[in-house]
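The structure appears below as structure tokens.
The values are calculated or read from the model by the stated rules, or taken from the named source; none is laboratory data. In this text, all values refer to a predicted model and were calculated from it rather than measured experimentally. Heads up, the Cβs are rebuilt from the backbone with ideal geometry, glycines too, and the neighbour counts pull from every protein chain shown.
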Amino acid sequence: MPHHLTNSSSASPASTGRRWLVISPVGDRSCHSSWITGRPQRQFDLMLIYFGDQPHYDFGGAEHQLRRKGFKYHLLASVVEEYRELLAQYDTIWLPDDDIRTTPREIHQLFEIFERQLLLVAQPAIASGVISYQSLRQQRRTLLRYSPLVEVMCPIFARDYFLQSSALFRENQSAWGIDWIWSNRCAASQRAVIDAVGVHHTGVLMQGDLYQKLKARGINPTEEFHALVERHGGIDWSVHRQLIEGTLPMERIAAAGPLLALWQRLTNQRVTNQRLALPRPQATSQSAA
């Protein structure tokens with residue numbers, strides 16, 4: 001039975017027994033029906049936070065239902081503050097934007113790979129649609145790549161790291177830059193873009209509900225981004241540029257198969273060499289004793 005969570009609710013609903021949770025603030029053009037339609041029967045719970053104005057909005061069978069106004073990560077911060085006991089029932093939490101289209105099967109695969117690889121934060125690769133960072137597009141013959149950035153669009157978290165990272169969610173209005181901070185705070189082997197799962201971004205950059213609200217309030221997300229990352233010690237701007245251009249080399253785990261495993265080892269060695277950028281040792285001559 002769905003749980004209609006309210007601002008005044010203090011008791012946590014009974015557990016469904018599922019370990020995975022998807023949380024998304026949604027509007028009237030949300031794609032979330034694709035997440036719960038078709039086979040297999042989903043193995044995750046769904047929490048929808050409706051920020052629209054329809055009095056009889058159809059939550060589509062979501063286990064947890066909220067009505068609130070606000071920015072995505074501010075709403076998520078409120079959920080952490082008010083429903084921490086509920087969140088503690090889950091092991092892994094995915095936070096997609098409502099313009100992400102995918103299927104129950106792909107969502108299950110995302111959770112499974114994330115947990116099997118012992119990650120703290122990751123995201124599915126972007127199979128189609130416009131994105132800010134071209135390096136996050138889906139790569140063929142690849143299980144995952146260890147990425148220096150997991151973006152705000154659709155991150156998946158280990159529960160405890162989600163709760164820890166939620167302290168960042170209200171640092172600004174746009175959420176620009178918080179993804180660099182949560183990415184930088186964990187080891188390189190604990191953050192990834194999962195290429196085995198590609199989702200479809202159906203929205204237009206800088207044109208969604210968030211950006212209309214920011215514009216109305218006179219908020220410049222680029223200025224917020226720079227202020228936030230500088231407040232947290234800065235970022236590597238060369239990595240930032242290469243992520244945007246799609247030229248950043250990343251260590252990866254290839255899809256199954258002996259030839260792909262060999263290709264993976266060669267690719268990882270090349271990436272390691274590029275990162276170290278060590279000069280080739282010079283030959284030395286020794287005189288005979």
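Quick grid of which residues meet (1) loosely packed, with under 10 Cβ neighbours inside 10 Å; (2) within 20 Å of the chain's Cα centre (by Cα); (3) at pLDDT below 95:
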site: ILE219; (1), (2), (3): no, no, yes
site: HIS226; (1), (2), (3): no, no, no
site: GLU251; (1), (2), (3): no, yes, no
site: GLN269; (1), (2), (3): no, no, yes
site: THR284; (1), (2), (3): yes, no, yes
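The residue that is nearest to THR202 (Cα to Cα), counting only those in segment 26-65 that are surrounded by 20 or more Cβ atoms within 10 Å (Cβ to Cβ) and hydroxyl-bearing (Ser, Thr, Tyr), is SER30.
Within segment 32-74, the set of residues being closer than 15 Å to TRP94 by Cα, touching a residue at least 60 places away in the same chain (Cβ under 8 Å) and of a type in the set (A, V, I, L, M, F, W, C) comprises TRP35, ILE36, PHE44, ALA62.
Looking at LEU214, LEU210, LEU248, LEU228 in this structure, which one is among the aliphatic types (A, V, I, L, M) and outside any helix (DSSP H, G or I)?
Residue meeting the stated conditions: LEU248.
For segment 173-217, what are the residues that are under 17 Å from the mean Cα position of the chain (by Cα) and of a type in the set (S, T, N, Q)? Result: SER174, SER183, ASN184, SER189, GLN190, THR202. Going through segment 1-25 one residue at a time, which ones are at pLDDT below 85, small (Gly, Ala, Ser) and surrounded by 14 or more Cβ atoms within 10 Å (Cβ to Cβ)? Within segment 1-25, SER9, SER12 qualify. Pairs linking a residue in segment 242-269 that is within 12 Å of SER147 (Cα to Cα) to a residue that is at pLDDT 95 or above and of a type in the set (Phe, Trp, Tyr), with Cβ atoms under 6 Å and 6 or more positions apart or on different chains, are LEU243/TYR133; MET250/TYR146; GLU251/TYR146. When the residues of segment 102-117 are filtered to those that are under 28 Å from ASP209 (Cβ atoms) and surrounded by fewer than 21 Cβ atoms within 10 Å (Cβ to Cβ), the one that is nearest to the chain's Cα centre (by Cα) is GLU106. When segment 36-68 is filtered for residues that are modelled with pLDDT of 95 or more, touching a helix residue (DSSP H, G or I) at 6+ places or on another chain (Cβ under 6 Å) and not in a strand (DSSP E or B), the ones remaining, listed by number, are GLN43, ARG68.
Among strands (runs of 3 or more DSSP E) entirely within segment 92-181, having at least 1 residues that are modelled with pLDDT under 95 and either among the basic types (Lys, Arg) or more than 27 Å from GLU245 (Cα to Cα) (or both) singles out no element at all. Taking the condition buried (at least 18 other Cβ atoms within 10 Å of the Cβ), at pLDDT 95 or above and not in a helix (DSSP H, G or I), does LEU75 pass? When the stated conditions are applied, LEU75 does not pass them.
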